[in-house]
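Heads up: the structure comes next, in C-alpha coordinates.
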Amino acid sequence: MTGAGWLAADSLWWDGRLHTGGALELRDGVVTGMAAEPGAGPLRRLSGTLLPGLCDFHVHSALVDLGAVRAGGIAAVWDLGGVPAEVTALRDRAAGPGSGLPRMTVAGPFLTAPGGYPSDRSWAPPGSWREVHSAADATEAVGECHAAGSELIKVTAHTGGPTLPGPVLAAVVAAAHAAGLRVVVHAEGSGTVEAAVDARADLLAHTPWTERIDDGALRAAAGQGMGWISTLDIHGWGRPSPELGAAVDNLRRFLGYGGSVRYGTDLGNGPLVPGVNAREIRALQRAGLTPEDVLAAMTVDAGDLPPTWIADGLDLDGARFADVLATARVVDAEPPPG
Ligand SMILES: [Zn+2]
(Lines give C-alpha, C1' and ligand atoms only; values in the text may rest on other atoms or scores of the structure.)
Protein backbone atom coordinates (compact mmCIF):
# COMPACT_ATOMS: atom_id res chain seq x y z
CA MET A 1 0.00 0.00 0.00
CA THR A 2 1.77 3.16 -1.11
CA GLY A 3 0.69 6.51 0.31
CA ALA A 4 -1.71 6.63 3.26
CA GLY A 5 -4.41 4.08 3.91
CA TRP A 6 -6.08 1.91 6.50
CA LEU A 7 -5.93 -1.76 7.35
CA ALA A 8 -8.75 -3.22 9.44
CA ALA A 9 -9.17 -6.68 10.97
CA ASP A 10 -11.47 -8.61 13.27
CA SER A 11 -9.18 -7.62 16.14
CA LEU A 12 -6.06 -5.55 16.82
CA TRP A 13 -3.30 -6.02 19.37
CA TRP A 14 -2.26 -2.46 20.20
CA ASP A 15 -0.94 -0.62 23.25
CA GLY A 16 -0.74 -3.86 25.19
CA ARG A 17 -4.28 -5.09 24.74
CA LEU A 18 -6.60 -6.77 22.28
CA HIS A 19 -9.18 -4.50 20.66
CA THR A 20 -12.22 -5.81 18.82
CA GLY A 21 -12.43 -4.13 15.43
CA GLY A 22 -10.59 -0.90 14.73
CA ALA A 23 -8.00 -0.12 12.10
CA LEU A 24 -4.32 0.66 11.69
CA GLU A 25 -3.27 3.71 9.76
CA LEU A 26 -0.47 2.99 7.29
CA ARG A 27 1.84 5.23 5.36
CA ASP A 28 3.99 3.57 2.68
CA GLY A 29 3.28 0.19 4.26
CA VAL A 30 4.36 1.27 7.75
CA VAL A 31 2.02 1.61 10.75
CA THR A 32 1.59 5.19 11.93
CA GLY A 33 -1.24 4.71 14.42
CA MET A 34 -4.48 3.02 15.40
CA ALA A 35 -8.04 4.30 15.46
CA ALA A 36 -11.40 2.86 16.49
CA GLU A 37 -12.65 3.45 12.95
CA PRO A 38 -10.76 3.91 9.67
CA GLY A 39 -10.29 7.52 8.64
CA ALA A 40 -9.95 8.99 5.16
CA GLY A 41 -8.09 6.95 2.54
CA PRO A 42 -8.20 3.50 1.02
CA LEU A 43 -9.17 0.61 3.32
CA ARG A 44 -8.38 -3.11 3.26
CA ARG A 45 -10.16 -5.50 5.62
CA LEU A 46 -8.65 -8.77 6.89
CA SER A 47 -9.94 -11.56 9.06
CA GLY A 48 -7.89 -12.46 12.13
CA THR A 49 -5.68 -10.13 14.19
CA LEU A 50 -3.29 -7.32 13.29
CA LEU A 51 -0.32 -6.52 15.53
CA PRO A 52 2.66 -4.16 15.47
CA GLY A 53 5.71 -5.56 13.69
CA LEU A 54 7.46 -8.31 15.66
CA CYS A 55 11.21 -7.98 16.31
CA ASP A 56 14.07 -10.41 16.90
CA PHE A 57 16.65 -8.46 18.88
CA HIS A 58 19.57 -10.83 18.25
CA VAL A 59 20.52 -12.18 14.83
CA HIS A 60 23.67 -12.47 12.71
CA SER A 61 22.65 -11.64 9.18
CA ALA A 62 25.72 -13.18 7.54
CA LEU A 63 24.78 -16.57 8.99
CA VAL A 64 21.06 -16.65 8.27
CA ASP A 65 18.63 -16.10 5.37
CA LEU A 66 16.92 -12.87 6.38
CA GLY A 67 14.31 -13.28 3.64
CA ALA A 68 13.18 -16.49 5.35
CA VAL A 69 13.18 -14.72 8.70
CA ARG A 70 10.81 -12.07 7.39
CA ALA A 71 8.68 -14.69 5.64
CA GLY A 72 8.45 -16.34 9.07
CA GLY A 73 6.81 -13.29 10.62
CA ILE A 74 9.71 -11.10 11.82
CA ALA A 75 9.45 -7.46 10.72
CA ALA A 76 12.71 -6.17 12.23
CA VAL A 77 15.98 -7.50 13.57
CA TRP A 78 19.03 -6.32 15.46
CA ASP A 79 22.25 -7.58 13.88
CA LEU A 80 24.54 -8.04 16.88
CA GLY A 81 27.91 -8.49 15.27
CA GLY A 82 29.23 -8.59 11.73
CA VAL A 83 31.56 -6.94 9.23
CA PRO A 84 30.50 -3.27 9.33
CA ALA A 85 30.48 -2.59 5.56
CA GLU A 86 28.47 -5.77 4.93
CA VAL A 87 25.83 -5.27 7.61
CA THR A 88 25.31 -1.59 6.83
CA ALA A 89 24.97 -2.34 3.09
CA LEU A 90 22.41 -5.04 3.87
CA ARG A 91 20.60 -2.71 6.26
CA ASP A 92 20.31 -0.07 3.54
CA ARG A 93 19.03 -2.67 1.06
CA ALA A 94 16.55 -4.02 3.62
CA ALA A 95 15.11 -0.54 4.16
CA GLY A 96 14.19 -0.24 0.48
CA PRO A 97 10.63 -0.87 -0.69
CA GLY A 98 9.85 -4.46 -1.59
CA SER A 99 13.19 -5.76 -0.30
CA GLY A 100 11.52 -8.78 1.31
CA LEU A 101 13.93 -8.33 4.22
CA PRO A 102 13.26 -7.31 7.81
CA ARG A 103 14.18 -3.78 8.87
CA MET A 104 17.66 -3.91 10.42
CA THR A 105 19.39 -2.14 13.28
CA VAL A 106 23.09 -2.97 13.27
CA ALA A 107 25.91 -3.10 15.79
CA GLY A 108 28.83 -3.56 13.41
CA PRO A 109 31.90 -5.30 14.82
CA PHE A 110 32.29 -7.11 18.13
CA LEU A 111 34.53 -4.98 20.33
CA THR A 112 36.81 -7.30 22.27
CA ALA A 113 40.06 -7.61 24.20
CA PRO A 114 43.13 -8.45 22.08
CA GLY A 115 42.79 -12.17 21.30
CA GLY A 116 39.35 -12.25 22.92
CA TYR A 117 36.07 -13.81 21.83
CA PRO A 118 35.04 -14.14 19.00
CA SER A 119 38.37 -13.47 17.23
CA ASP A 120 39.24 -17.13 17.88
CA ARG A 121 36.04 -18.53 16.30
CA SER A 122 35.80 -19.92 12.78
CA TRP A 123 32.37 -18.34 12.20
CA ALA A 124 33.69 -14.83 12.83
CA PRO A 125 35.24 -13.49 9.60
CA PRO A 126 38.08 -10.94 9.69
CA GLY A 127 36.60 -7.50 10.15
CA SER A 128 33.72 -8.73 12.30
CA TRP A 129 35.63 -7.89 15.48
CA ARG A 130 37.77 -4.95 16.57
CA GLU A 131 40.32 -5.31 19.35
CA VAL A 132 40.33 -2.61 22.02
CA HIS A 133 43.70 -1.94 23.63
CA SER A 134 43.05 0.78 26.22
CA ALA A 135 40.45 3.20 27.53
CA ALA A 136 41.59 5.79 24.98
CA ASP A 137 41.36 3.18 22.25
CA ALA A 138 37.82 2.37 23.42
CA THR A 139 36.77 5.92 22.58
CA GLU A 140 38.47 5.56 19.20
CA ALA A 141 36.78 2.21 18.51
CA VAL A 142 33.33 3.50 19.34
CA GLY A 143 33.98 6.53 17.12
CA GLU A 144 34.92 4.23 14.24
CA CYS A 145 31.76 2.17 14.72
CA HIS A 146 29.59 5.26 14.86
CA ALA A 147 31.22 6.69 11.72
CA ALA A 148 30.73 3.36 9.93
CA GLY A 149 27.01 3.39 10.69
CA SER A 150 26.62 1.36 13.89
CA GLU A 151 23.39 2.10 15.76
CA LEU A 152 24.39 -0.08 18.73
CA ILE A 153 27.72 -1.08 20.24
CA LYS A 154 28.39 -4.77 20.81
CA VAL A 155 31.16 -5.70 23.22
CA THR A 156 32.21 -9.09 24.50
CA ALA A 157 33.10 -10.25 28.02
CA HIS A 158 33.86 -13.96 27.67
CA THR A 159 36.06 -15.71 30.20
CA GLY A 160 37.05 -18.36 27.64
CA GLY A 161 39.69 -15.86 26.45
CA PRO A 162 41.15 -12.47 27.32
CA THR A 163 38.54 -9.97 28.57
CA LEU A 164 38.60 -6.19 28.71
CA PRO A 165 39.64 -4.69 32.07
CA GLY A 166 36.80 -2.95 33.90
CA PRO A 167 37.99 0.61 33.14
CA VAL A 168 38.24 -0.21 29.41
CA LEU A 169 34.74 -1.73 29.36
CA ALA A 170 33.46 1.33 31.21
CA ALA A 171 35.20 3.56 28.64
CA VAL A 172 33.40 1.72 25.81
CA VAL A 173 30.06 2.36 27.50
CA ALA A 174 30.85 6.00 28.26
CA ALA A 175 31.94 6.68 24.67
CA ALA A 176 28.86 4.92 23.30
CA HIS A 177 26.51 6.85 25.55
CA ALA A 178 28.21 10.11 24.60
CA ALA A 179 27.45 9.21 20.97
CA GLY A 180 23.84 8.29 21.80
CA LEU A 181 24.40 4.57 21.26
CA ARG A 182 23.28 1.73 23.52
CA VAL A 183 25.73 -1.00 24.50
CA VAL A 184 24.96 -4.70 24.25
CA VAL A 185 27.34 -7.01 26.14
CA HIS A 186 27.94 -10.66 25.36
CA ALA A 187 28.55 -11.77 28.97
CA GLU A 188 29.71 -15.37 29.33
CA GLY A 189 31.41 -16.85 32.37
CA SER A 190 31.98 -16.02 36.00
CA GLY A 191 31.94 -12.31 36.86
CA THR A 192 31.03 -11.09 33.39
CA VAL A 193 27.45 -10.10 34.21
CA GLU A 194 28.75 -8.14 37.20
CA ALA A 195 31.33 -6.48 34.91
CA ALA A 196 28.57 -5.43 32.50
CA VAL A 197 26.53 -4.05 35.39
CA ASP A 198 29.52 -2.17 36.81
CA ALA A 199 30.21 -0.66 33.38
CA ARG A 200 26.53 0.39 33.16
CA ALA A 201 25.89 -1.46 29.91
CA ASP A 202 22.33 -1.19 28.58
CA LEU A 203 21.67 -4.75 27.52
CA LEU A 204 22.98 -8.28 27.69
CA ALA A 205 22.98 -10.12 24.37
CA HIS A 206 21.95 -13.35 26.11
CA THR A 207 20.18 -14.36 29.28
CA PRO A 208 23.11 -15.52 31.45
CA TRP A 209 23.35 -19.32 31.35
CA THR A 210 26.78 -20.40 32.54
CA GLU A 211 26.01 -20.01 36.24
CA ARG A 212 23.41 -18.87 38.75
CA ILE A 213 23.63 -15.07 38.98
CA ASP A 214 23.59 -13.70 42.54
CA ASP A 215 20.50 -11.83 43.63
CA GLY A 216 22.59 -8.74 44.37
CA ALA A 217 23.77 -8.55 40.76
CA LEU A 218 20.26 -9.18 39.45
CA ARG A 219 18.86 -6.42 41.65
CA ALA A 220 21.58 -4.00 40.53
CA ALA A 221 21.05 -4.87 36.86
CA ALA A 222 17.30 -4.40 37.08
CA GLY A 223 17.69 -1.25 39.18
CA GLN A 224 19.80 0.48 36.56
CA GLY A 225 17.35 -0.40 33.81
CA MET A 226 19.39 -3.09 32.08
CA GLY A 227 17.52 -5.27 29.60
CA TRP A 228 18.31 -8.84 28.68
CA ILE A 229 17.87 -10.31 25.21
CA SER A 230 16.40 -13.74 25.81
CA THR A 231 18.14 -16.28 23.46
CA LEU A 232 16.89 -19.21 25.55
CA ASP A 233 16.38 -21.65 22.67
CA ILE A 234 20.10 -21.77 21.76
CA HIS A 235 20.40 -24.12 24.74
CA GLY A 236 19.21 -27.48 23.51
CA TRP A 237 16.96 -26.31 20.64
CA GLY A 238 13.88 -27.67 22.31
CA ARG A 239 15.52 -30.33 24.49
CA PRO A 240 15.96 -29.68 28.21
CA SER A 241 19.54 -28.87 29.22
CA PRO A 242 21.30 -27.61 32.36
CA GLU A 243 22.14 -24.39 30.50
CA LEU A 244 18.49 -23.80 29.62
CA GLY A 245 17.47 -24.48 33.21
CA ALA A 246 20.05 -22.03 34.54
CA ALA A 247 19.03 -19.35 32.04
CA VAL A 248 15.31 -19.70 32.75
CA ASP A 249 16.00 -19.49 36.49
CA ASN A 250 18.19 -16.39 36.09
CA LEU A 251 15.61 -14.71 33.87
CA ARG A 252 12.74 -15.49 36.24
CA ARG A 253 14.61 -13.95 39.17
CA PHE A 254 15.78 -10.94 37.09
CA LEU A 255 12.18 -10.23 36.10
CA GLY A 256 11.22 -10.56 39.77
CA TYR A 257 13.49 -7.59 40.51
CA GLY A 258 11.80 -5.58 37.76
CA GLY A 259 14.26 -6.38 34.98
CA SER A 260 13.13 -6.18 31.36
CA VAL A 261 13.52 -8.70 28.56
CA ARG A 262 13.51 -8.49 24.78
CA TYR A 263 12.76 -11.43 22.52
CA GLY A 264 15.91 -12.50 20.68
CA THR A 265 17.06 -15.80 19.25
CA ASP A 266 20.73 -15.43 18.13
CA LEU A 267 19.72 -16.59 14.66
CA GLY A 268 22.77 -17.93 12.88
CA ASN A 269 23.82 -19.86 16.00
CA GLY A 270 22.77 -23.47 15.41
CA PRO A 271 19.54 -25.01 14.07
CA LEU A 272 17.09 -22.26 15.02
CA VAL A 273 13.76 -21.52 13.39
CA PRO A 274 13.92 -18.70 10.82
CA GLY A 275 11.00 -16.51 11.85
CA VAL A 276 8.92 -16.48 15.00
CA ASN A 277 10.35 -19.25 17.22
CA ALA A 278 7.63 -20.99 19.25
CA ARG A 279 10.26 -22.74 21.39
CA GLU A 280 11.80 -19.40 22.40
CA ILE A 281 8.32 -18.15 23.30
CA ARG A 282 7.52 -21.23 25.39
CA ALA A 283 10.85 -20.84 27.21
CA LEU A 284 9.96 -17.22 27.96
CA GLN A 285 6.64 -18.43 29.34
CA ARG A 286 8.49 -20.89 31.56
CA ALA A 287 10.47 -17.93 32.92
CA GLY A 288 7.17 -16.36 33.96
CA LEU A 289 6.16 -14.19 31.02
CA THR A 290 2.47 -14.06 30.14
CA PRO A 291 1.45 -13.99 26.46
CA GLU A 292 0.96 -10.24 26.89
CA ASP A 293 4.51 -9.94 28.29
CA VAL A 294 5.90 -11.91 25.34
CA LEU A 295 4.22 -9.57 22.87
CA ALA A 296 5.66 -6.60 24.76
CA ALA A 297 9.13 -8.23 24.59
CA MET A 298 8.77 -8.63 20.81
CA THR A 299 7.55 -5.09 20.13
CA VAL A 300 9.85 -2.88 22.23
CA ASP A 301 10.38 0.37 20.27
CA ALA A 302 8.58 -1.19 17.27
CA GLY A 303 8.10 2.08 15.43
CA ASP A 304 8.14 2.51 11.65
CA LEU A 305 7.40 -1.12 10.83
CA PRO A 306 4.86 -2.87 8.66
CA PRO A 307 2.09 -4.56 10.63
CA THR A 308 1.93 -8.26 11.40
CA TRP A 309 -1.09 -10.45 10.74
CA ILE A 310 -2.37 -13.66 12.32
CA ALA A 311 -4.89 -15.15 9.93
CA ASP A 312 -6.75 -17.26 12.51
CA GLY A 313 -6.57 -14.59 15.21
CA LEU A 314 -4.29 -14.08 18.20
CA ASP A 315 -4.87 -16.64 20.97
CA LEU A 316 -3.86 -15.44 24.44
CA ASP A 317 -4.40 -18.84 26.06
CA GLY A 318 -0.99 -19.75 27.48
CA ALA A 319 -1.06 -23.31 26.11
CA ARG A 320 -1.81 -22.29 22.52
CA PHE A 321 -0.23 -18.84 22.33
CA ALA A 322 3.26 -19.79 21.08
CA ASP A 323 2.11 -21.99 18.22
CA VAL A 324 -0.48 -19.46 17.09
CA LEU A 325 2.00 -16.57 17.22
CA ALA A 326 4.38 -18.63 15.08
CA THR A 327 1.82 -18.33 12.25
CA ALA A 328 2.28 -14.53 12.23
CA ARG A 329 3.16 -12.97 8.89
CA VAL A 330 4.47 -9.53 8.01
CA VAL A 331 1.91 -7.62 5.96
CA ASP A 332 3.54 -6.67 2.68
CA ALA A 333 2.97 -3.39 0.88
CA GLU A 334 0.08 -5.16 -0.85
CA PRO A 335 -1.83 -6.76 2.05
CA PRO A 336 -2.87 -10.39 1.68
CA PRO A 337 -6.52 -10.95 0.76
CA GLY A 338 -8.76 -10.89 3.84
ZN1 LIG B 1 25.00 -13.69 18.74
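The values are calculated or read from the model by the stated rules, or taken from the named source; none is laboratory data. These numbers come from a predicted model, not from an experiment. Cβ placement follows ideal geometry from the backbone for every residue including glycine, while neighbour counts extend to all protein chains displayed. These area figures cover heavy atoms from the full protein model, side chains too; ligands, DNA and RNA do not enter into them. Shrake-Rupley method; radii C 1.70, N 1.55, O 1.52, S 1.80 Å.
One table, with the values for the structure above:
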item: Trypsin sites (Lys or Arg not before Pro) lying in DSSP loop within segment 276-338, provided at most 14 other Cβ fall within 10 Å; result: 320
item: Dipole magnitude (debye, nearest 20) for the chain, charges at Cβ of Lys, Arg, Asp, Glu; result: 280 debye
item: Separation of the residue 17 and residue 301 label points, Cα + 7 Å toward Cβ, nm; result: 2.7 nm
item: Evaluated over segment 153-193, the Cα radius of gyration and Dmax, each in Å; result: 10.3, 30
item: Accessible area expressed per residue, segment 10-54, with surrounding protein chains retained (probe 1.4 Å, Å²); result: 49 Å²
item: Whole-percent pair-distance distribution, where bins are 5 Å wide, for the alpha carbons of segment 254-338; result: 3, 13, 22, 23, 20, 13, 4, 1, 1
item: Residues in segment 222-248 reached by a label modelled at residue 177 [backbone nitrogen below 17 Å; 7 Å Cα→Cβ]; result: 222-228
item: Along principal axes, Cα extents of the chain, largest first, whole Å; result: 57, 39, 33
item: log10 of Debye I(q)/I(0), alpha-carbon scatterers only, for segment 100-144 at 0.22, 0.33 Å⁻¹; result: -0.77, -1.18
item: Alpha-carbon spread of segment 39-186, three principal axes, descending order, Å; result: 57, 33, 24
item: Estimated FRET transfer efficiency (residue 290, residue 200; beta-carbon r; R0 35 Å; 0.05); result: 0.75
item: Mean separation of Cα contacts under 8 Å, 6 or more apart, over the residue count of the chain: relative contact order %; result: 20 percent
item: Cα pair distances in segment 182-322, grouped into 10 Å bins until the bin that holds the longest one, percent each; result: 12, 43, 34, 10, 1
item: Residue 122-residue 260 FRET efficiency (beta carbon distance; Förster radius 41 Å; 0.05 resolution); result: 0.75
item: For segment 1-80, alpha-carbon Rg over 2.2 N^0.38 Å; result: 1.24
item: Model label zone, residue 99; criterion: amide N under 13 Å from point 7 Å along Cα-to-beta-carbon; scope segment 283-320; result: 305-306
item: Span from the segment 240-313 Cα centroid across to the segment 162-235 one, whole angstrom; result: 18 Å
item: DSSP beta bridge pairing in the chain, given as percent antiparallel to the nearest 5; result: 35 percent
item: Nearest 10 degrees, 0 to 90: helix 135-147 Cα axis against the chain principal axis; result: 30 degrees
item: Ranked packing of 112-125, 197-210, most packed first, by mean Cβ within 10 Å; result: 197-210, 112-125
